[in-house]
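Colleague: Sharing a structure here in structure tokens format.
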Amino acid sequence: MRAGEVAGVNLSLVASARRGEEENTGILFVDSEPREAQVHLDGALAGQTPLTLESVPAGPHKIRVSRRFFETVDVTETIQPRRATRRELKLSLRVAVLVLNTDLGAGELLVNGMPIGKLQATQKIPLLAGAHRIQIRHPDAGTITRELELDGGPQTIEFPRSLYLGHLTVLSDVPLSGVTVYGRKAQAPPITVENLPGGEVLVAGSRSDGKGVLARKVNIRSGETVVVRLQASDEVADPAVFHSARLGEIGLEAVRIPAGRFQMGCSPDDKECEGDEKPVRTVTISKPLTLGKTEVTVAAYRRYATKTGGQMPSGQGPDDHPVVNVSWEDASKFCAWAGGRLPTEAEWEYAAGGGRAASRYGPPDEIAWYDANSGGKTHPVGLKKPNAYGLYDMLGNVWEWVADWYGPYAPQAVTDPTGPTQGENRVVRGGSWDYVSGGLRASGRFRDQPGDRYGDRGFRCSWEIIP
């Protein structure tokens, strides 16, 4: 065997060939923003960015860089012998079009948490490719959320009413004057109530003879019409039972307030009365109602925010404290979700008095948290003495939003007043943990703009218990 040969192979010739190959190849480095994009070299998959390719033959080469959700980039790069070539590419997101079809009717559309506008039957929404969260806030179905990924081009998503809402037909073996379903009033059976959210709802009806209320829980199934027949065995002793299950789920309790008549405005013993509490007028509350036993708590509001996809306001205390930093709009939406509403100013004052014609239902330190005893903070609801109706913290702890616009009182006697039809400010009542004892009066009034949020503002809800 000659020197320079291995088993018949001429090593000098091999080395010469290798030198020739090296002289006719180069190095190619490909990177992209974002990275982890696929790289094809001359039609063959070469790897993912960042990618270094050695011994690439000299000359022009076709490079394709692609990544999901991004536009594909095609370039031609010429490799120089024995040199390194670097190519960096910035990828652009594809533009997609989301086509949304729905027969849900009224509602608000949100994309990735941002409001888009009122819900329409068909909407085309340009979006960048990628993952998106689509939400519909619906007055009946609550917040509907869908997660999806758009690759580019048009993509259709459907929100059919049948997937989210059901119907209920109410029959009765006992003559009824009307029924209430999920806080909605309806005429006497037989009656069909449409567009109810899926899940358990409460049905109640007042007997035509005025001798009681029938109530039953019903499970609504989306896309179906459920039939319920109320019978004499469904009678409940207290109409407030109608609300007990629903409020129990939320974490609240309600107290039944009887109908009655009172003097609204300055009490005879009140030496701290303000001008906007006059003139005193006779007000009739013509129907009984239920009112929250306490202010709405942090825990109850959190359940609402979780179920509706909403946000918890900042600056909250522990779960058993009253929720704060809520606007009038926030409070109204919560009460509507709970099947009720904010009490009117007249209802609130009537309930706060507890049947007494006095500015307070007890000494301030026994019934209320205010600036002199609160330590500069809210406290758990229900720790102070209640009034004669069993309502806690009607005075102190937090100011409470009521339904009315702020305005002067009319002097004449009225029945079930609802306040001015328009205005700039809404009324708050009852005083708070950071206010003086002068605010702890059943007739005391204060006002804020509907969108204001403060750490001493909260609310409680009311429910009409007789359909």
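Colleague: Quick one: in the range 87-102, of everything that is of a type in the set (S, T, N, Q) and in a strand (DSSP E or B), which residue is nearest to the chain's Cα centre (by Cα)?
Modeller: Selected residue: THR102.
Colleague: Among the numbered criteria (1) out of contact with any Cys (no Cβ under 8 Å at 6 or more places or on another chain); (2) assigned to a loop (DSSP other than H, G, I, E, B), which one does VAL428 miss?
Modeller: Status for VAL428: all satisfied but (2).
Colleague: If you take the residues in the range 56-112 that are free of Cβ contacts under 8 Å to residues at least 40 places away in the same chain and basic (Lys, Arg), which one is farthest from ALA129 (Cα to Cα)?
Modeller: LYS62
Colleague: Considering only the range 441-463, state which residues are crowded, with 24+ Cβ neighbours inside 10 Å and more than 28 Å from the chain's Cα centre (by Cα).
Modeller: Keep residues of the range 441-463 that are crowded, with 24+ Cβ neighbours inside 10 Å, which gives 441-442, 444, 457-461, 463.
Scanning the range 441-463 gives ARG441, ALA442, GLY444.
Colleague: Are any of the residues in the range 321-332 assigned by TED's automatic domain parsing to the domain that holds ARG447, farther than 29 Å from ALA413 by Cα and either surrounded by fewer than 17 Cβ atoms within 10 Å (Cβ to Cβ) or among the basic types (Lys, Arg) (or both)?
Modeller: yes
Colleague: Could you list, in sequence order, all residues of the range 389-420 that are out of contact with any Pro (no Cβ under 8 Å at 6 or more places or on another chain) and β-branched (Val, Ile, Thr)?
Modeller: Of everything in the range 389-420, those that are out of contact with any Pro (no Cβ under 8 Å at 6 or more places or on another chain) and β-branched (Val, Ile, Thr) turn out to be VAL414, THR415, THR418.
Colleague: All but one of (1) closer than 30 Å to LEU202 by Cα; (2) more than 25 Å from the chain's Cα centre (by Cα); (3) surrounded by 17 or more Cβ atoms within 10 Å (Cβ to Cβ) hold for ALA388; state the number of the condition that does not hold.
Modeller: ALA388 satisfies all of (1) closer than 30 Å to LEU202 by Cα; (2) more than 25 Å from the chain's Cα centre (by Cα); (3) surrounded by 17 or more Cβ atoms within 10 Å (Cβ to Cβ) except (3).
Colleague: At least 3 residues that are at pLDDT below 80 and under 26 Å from VAL323 (Cβ atoms) in each: list the strands (runs of 3 or more DSSP E) lying fully within the range 195-294 that qualify. Lay out the reasoning, then the answer.
Modeller: On the way: elements: 199-207, 213-220, 225-230, 254-257, 260-264, 281-285, 289-292.
Here the list reads 199-207.
Colleague: Are any residues in the range 302-311 assigned to a loop (DSSP other than H, G, I, E, B) and surrounded by 14 or more Cβ atoms within 10 Å (Cβ to Cβ), and if so, which ones?
Modeller: The answer is GLY309, GLY310.
Colleague: Mind checking whether some residue in the range 322-329 is free of Cβ contacts under 8 Å to residues at least 60 places away in the same chain, under 15 Å from the mean Cα position of the chain (by Cα) and either over 20 Å from VAL398 (Cβ atoms) or not in a strand (DSSP E or B) (or both)?
Modeller: Our first condition is that a residue be free of Cβ contacts under 8 Å to residues at least 60 places away in the same chain; within the range 322-329, this holds for none.
No: zero hits.
Colleague: Could you say which residue among SER66, SER55 is loosely packed, with under 14 Cβ neighbours inside 10 Å, hydroxyl-bearing (Ser, Thr, Tyr) and outside the structural domain of GLU147 (by TED's automatic domain parsing)?
Modeller: SER55
Colleague: Same structure again: Can you tell me which residues in the range 25-60 are within 19 Å of THR78 (Cα to Cα) and among the aliphatic types (A, V, I, L, M)?
Modeller: Correct list: ILE27, LEU28, VAL30, VAL39, LEU41, ALA44, LEU45, ALA46, LEU51, LEU53, VAL56, ALA58.
Colleague: Which number in (1) in a loop (DSSP other than H, G, I, E, B); (2) modelled with pLDDT under 95; (3) closer than 26 Å to PRO386 by Cβ marks the one condition that GLY438 misses?
Modeller: GLY438 satisfies every listed condition except (1).
Colleague: If you don't mind, there's one more thing I want to ask. Within the range 160-177, work out how many residues are modelled with pLDDT under 85, crowded, with 18+ Cβ neighbours inside 10 Å and assigned to a strand (DSSP E or B).
Modeller: 2
Colleague: Next up: Out of (1) basic (Lys, Arg); (2) without any contact (Cβ under 8 Å) to a residue 24 or more places away in the chain; (3) in a loop (DSSP other than H, G, I, E, B), what's the single condition that is false for LYS377?
Modeller: Going through the list (1) basic (Lys, Arg); (2) without any contact (Cβ under 8 Å) to a residue 24 or more places away in the chain; (3) in a loop (DSSP other than H, G, I, E, B), LYS377 breaks only (2).
Colleague: Just to check your reading of the model, which residue among GLY117, GLY105 is part of a strand (DSSP E or B), within 19 Å of the chain's Cα centre (by Cα) and surrounded by fewer than 16 Cβ atoms within 10 Å (Cβ to Cβ)?
Modeller: GLY117
Colleague: Out of ARG146, ARG133, ARG86, which single residue is surrounded by fewer than 16 Cβ atoms within 10 Å (Cβ to Cβ), under 30 Å from VAL73 (Cα atoms) and outside the structural domain of SER66 (by TED's automatic domain parsing)?
Modeller: ARG133
The values are calculated or read from the model by the stated rules, or taken from the named source; none is laboratory data. These numbers come from a predicted model, not from an experiment. Positions of Cβ are backbone-derived with ideal geometry, glycine not excepted, and every protein chain shown enters the neighbour counts.
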